[in-house]
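Structure record follows, encoded as structure tokens.
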Amino acid sequence: MTSNTLSRRGFALAAGTGAATALAGCTAFGDGSDERIVRVASRLTPSSIDPIVDGTILRRIGVIESLLRIDFDAELAPSLANSWHVEDDDLTWVFELRDDVQFHDGEPLDAAAAATALERTFDDPTMAEVPIDSIRADGEDAVEVRTERPFAPLPAHVARHEAAIVGPESFDDEGDIETLVATGPFAFDSWESGERVTVTANEEYHGTVPSIDGAVYEGVPDNQTRTLQVENGDVEMGQVLPVSAVDRFESADDVDVEIYEIPRMRCVQFNNRFEPFDDQRVRLAASYAIDREAIADDLLEGYVEPAIGPYPPTIEWANDDLDPHRYQPDRARELLEEAGWTGEEGSVRQKDGDDLAITIITYPNRPALPDIGEVLQDQLGNVGFDVDVEVLEVSAIHDRAESDADAIIWSANVYGWPADPDRLAYMYHSEEGGLHHGYENSTVDELLEEGRAAVGDRERRTEIYDEVQAITMAEAPISFLTYYEMVVATRSELSGYDHHPTEYSFHLERVELQ
């Protein structure tokens, strides 16, 4: 059983290079031994306290809030705004603010402060895809956001962590965030870049006031290290744990473990820029050579489902009529023959004297990706590919995708950032996409842009995104492997934790420590 206390000395060490603050309405950690501190270890490491730069952790740990949020049904819901609507021009969005919110320094939230924060957000290059024309305060209690053209995903972008509403006292004279002042159930206290963030309870919070005194978030990239931290009682909660640890946790008396599916998928991206995957037949052959059932059941121990398309069936935007790429090795061999890659059974195929040799790269930070690489090496090898697998840091993958990587095993969140089907543009748009396959299809681009413009027409948007999923399934720039299992372990002294379906927040204001 681990101690639930954090000494003043321990807290000072956790503070690192960050500037500690004790804000009005927030409980500062004291010198006693009765403080109820929850320690969380997860994969991401904090690199900034600016929500635009790195706000994921700040939102998950409860420091920042936006006008809208994603609720437990994976739908957009009110947060700092009570309601929102778009005017008849399909350009002007109005967000009505709550009247009971104050910043962590005690100053009330008003429309002027919210508009200023949003202007800063949408002026940033990271939000360049959102066509903002103007943002202004509409009286004391409403914010008006006008877009340059009809843009249906606007509310989903307002719910992003980059769009967090931060107080005027957050900024130094240069306009940079010096000490983060926000509105969440926990107030920022200190941080150490690449290591941890510490927060204290906000006793004046407008929603559920935390029962704990604070929390420490630790960024721990290594999966096994996080596992050991939970087992040893060094943290009360471990996130993004490997399925290999589940049996150990289930046999422990002092640890609770939960496995649930999130709208993230594992995939292999085929590099459409170069041979051999510039040929649709070769991409399809590779996809049919993959035994997803074996990956899900054997490698991932049955905790997750084989993927069909980009969205799990639980997401309403999933196209239920997709024809999945089921395991068909004979069909894979036929397609390779049609593409000119010939060879005897069990040998490496050749074309014009060249071997069908490919390099697959992946990264170690997400559980199971390197292991999947080894499985694909065997499965693709069975139909005539000669596969080399390399495990690199994420930063190196981007360069390799532009040069000599033939395929990339990747994990991507397909819903939640933003909570809108326009996320498919990240996956497939030839100019705005964020993946590495180099796929270009003008029809897909046009459909994605039409989907953005269909403000208020949910039926048409459904038709559009179903068609995008059907086209891209047939052309196979990406082969979907499995959906994603989230493994979360908590110490038995922690209760009340409820996982969020899109990882939007840990909601630590709801937990208790015994």
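Structure data summary
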item	result
Matching residues in region 213-231 - criterion: being surrounded by fewer than 20 Cβ atoms within 10 Å (Cβ to Cβ) and among the hydrophobic types (A, V, I, L, M, F, W, C)	Leu228
Any hit, region 260-268, residues being in contact with a helix residue (DSSP H, G or I) (Cβ under 6 Å, 6 or more places away or on another chain) and not hydroxyl-bearing (Ser, Thr, Tyr)	no
Any pair with Cβ under 7 angstrom, 6 or more apart, that starts in region 344-361 at a residue that is on the phi < 0 side of the Ramachandran plot and ends at one that is charged (D, E, K, R) and part of a loop (DSSP other than H, G, I, E, B)	Leu356/Arg349; Ile358/Asp406; Thr359/Asp404; Thr359/Asp406; Ile360/Asp406
Close pairs from region 422-435: first surrounded by fewer than 20 Cβ atoms within 10 Å (Cβ to Cβ), partner part of a helix (DSSP H, G or I) and β-branched (Val, Ile, Thr), Cβ under 8 Å, at least 6 apart	Ser430/Val444
Residue match in region 382-400 (condition: hydroxyl-bearing (Ser, Thr, Tyr) and at pLDDT below 95)	yes
Residue match in region 151-168 (condition: surrounded by 22 or more Cβ atoms within 10 Å (Cβ to Cβ), outside the structural domain of Pro364 (by TED's automatic domain parsing) and at pLDDT below 95)	no
Residue match in region 436-445 (condition: surrounded by fewer than 23 Cβ atoms within 10 Å (Cβ to Cβ), modelled with pLDDT of 95 or more and in a strand (DSSP E or B))	no
Residue within region 351-363 that is under 25 Å from the mean Cα position of the chain (by Cα) and among the basic types (Lys, Arg) present	no
Options Ala252, Ala245; residue that is over 27 Å from Val63 (Cβ atoms), of a type in the set (Gly, Ala, Ser), in a loop (DSSP other than H, G, I, E, B) and in contact (Cβ under 8 Å) with a residue 12 or more places away in the chain	Ala252
Residues being out of contact with any Ser or Thr (no Cβ under 8 Å at 6 or more places or on another chain) and closer than 20 Å to Pro418 by Cβ - total across region 467-485	4
Residue in region 483-500 that is within 21 Å of Asp321 (Cβ to Cβ) and in contact with an Asp or Glu (Cβ under 7 Å, 6 or more places away or on another chain) present	yes
Flag if Val304 is modelled with pLDDT under 95, in contact with a helix residue (DSSP H, G or I) (Cβ under 8 Å, 6 or more places away or on another chain), under 24 Å from Pro370 (Cβ atoms) and not in a helix (DSSP H, G or I)	yes
Boolean, Asn202 is buried (at least 17 other Cβ atoms within 10 Å of the Cβ), under 19 Å from the mean Cα position of the chain (by Cα) and not assigned by TED's automatic domain parsing to the domain that holds Trp317	no
Test result for Glu512, in the same structural domain as Ile358 (by TED's automatic domain parsing) and of a type in the set (Asp, Glu)	no
Tally, over region 365-421, of residues that are touching a residue at least 40 places away in the same chain (Cβ under 8 Å) and under 20 Å from Ser244 (Cα atoms)	12
Scan of region 170-228 for residues that are touching a Ser or Thr at 6+ places or on another chain (Cβ under 6 Å), of a type in the set (A, V, I, L, M, F, W, C) and not in a loop (DSSP other than H, G, I, E, B), ordered by number	Ile177, Ala187, Ala201, Val216
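A quick yes/no check of all residues on (1) within 19 Å of the chain's Cα centre (by Cα); (2) closer than 23 Å to Thr502 by Cα; (3) in a helix (DSSP H, G or I):
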position	(1), (2), (3)
Asp73	yes, yes, no
His85	no, no, no
Val94	no, no, no
Ala117	no, no, yes
Glu140	no, no, no
Glu144	no, no, no
Arg149	no, no, no
Ala152	no, yes, no
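The values are calculated or read from the model by the stated rules, or taken from the named source; none is laboratory data. Just so it is clear, the model here is predicted, and its values are computed rather than measured. In this analysis, Cβ positions are derived from the backbone assuming ideal geometry, glycine residues included, and neighbour counts consider all displayed protein chains.
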